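Shown next, in structure tokens, is the structure this report addresses.
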Amino acid sequence: MIASFFHRVAAFVIIVWLGFGLAACSNFVKGGDNRHNIPLPAAMVKALHAMGSSPQEAMVIRIFKKEEKLEVWKRTNSGEYKLFKTYDICAYSGDLGPKIKEGDLQSPEGFYTITPGLMNPKSNYFLAFNTGFPNKFDRAHGRTGSNLMVHGDCKSAGCYAMTDAGIAEIYALARESFKGGNPSFQVQIFPFRMTTASLAQNASSPHLDFWRNIKDGHDLFELTKTPPVW
């Protein structure tokens, strides 16, 4: 009888212990609660120093829709920005052209300023930052939309999905730049590589005037290697 009692108590303890374990699993957050503090790989830190920069230096991000590329540029000791790393965009939605209205599933184009308040360490898509759409230009032209992100995973509804591994590095680069005392970084989003030939190929687009406008900013960055005031 005594042995049977202890067997029942032991079984009850095991069941309770498993219950707590299963409850913990059900509350699991993809990537863990500390995923926003994933350190930069040592190889990336070394590569930054080799180009005359550091994790804490200022940065610029450029996105090219058609080519499905995201570039991270870092400020160097000379004060100019150099291309540090290029990432493949896993997914974006819509066509070439700016976002016009809420629900059109267009990924935005234009120049955006990212501040610490736009960083999302608890994103359902691993990690993310909000592009800040609509910016002043968007609002002046009646464009609407919200929660347009650069995030992990590989699906998009108006966002730029970079995979979890990609956004982990991009997020860490942004985090370290903020830690270096930089109040923001610029994101420049283009429909394609902004060459004269590319614009000529799209001369019939209703977005041509807008693209010419953002090409000015693109070309200024190409010339000065510093982010234009937009």
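Give the stretch 124-153 a look and list any residue that's farther than 21 Å from G97 by Cα and out of contact with any Phe, Trp or Tyr (no Cβ under 9 Å at 6 or more places or on another chain), or say none. Selection gives N124, Y125. So, in the stretch 187-230, exactly how many residues are touching a helix residue (DSSP H, G or I) at 6+ places or on another chain (Cβ under 7 Å) and more than 21 Å from D95 (Cβ to Cβ)? Counting residues in the stretch 187-230 that are touching a helix residue (DSSP H, G or I) at 6+ places or on another chain (Cβ under 7 Å) and more than 21 Å from D95 (Cβ to Cβ) gives 3.
Consider the stretch 190-209 and keep the residues that are closer than 15 Å to F64 by Cα and among the hydrophobic types (A, V, I, L, M, F, W, C). The one that is nearest to the chain's Cα centre (by Cα) is F190.
Out of everything in the stretch 112-123 that is surrounded by fewer than 17 Cβ atoms within 10 Å (Cβ to Cβ) and in contact (Cβ under 8 Å) with a residue 60 or more places away in the chain, what residue ends up being farthest from N37 (Cα to Cα)? My answer is T113.
Every number here is computed from the coordinates shown, using simple stated rules; none is lab data. This is a predicted model, so every value here is computed, not measured. In this analysis, Cβ positions are derived from the backbone assuming ideal geometry, glycine residues included, and neighbour counts consider all displayed protein chains.
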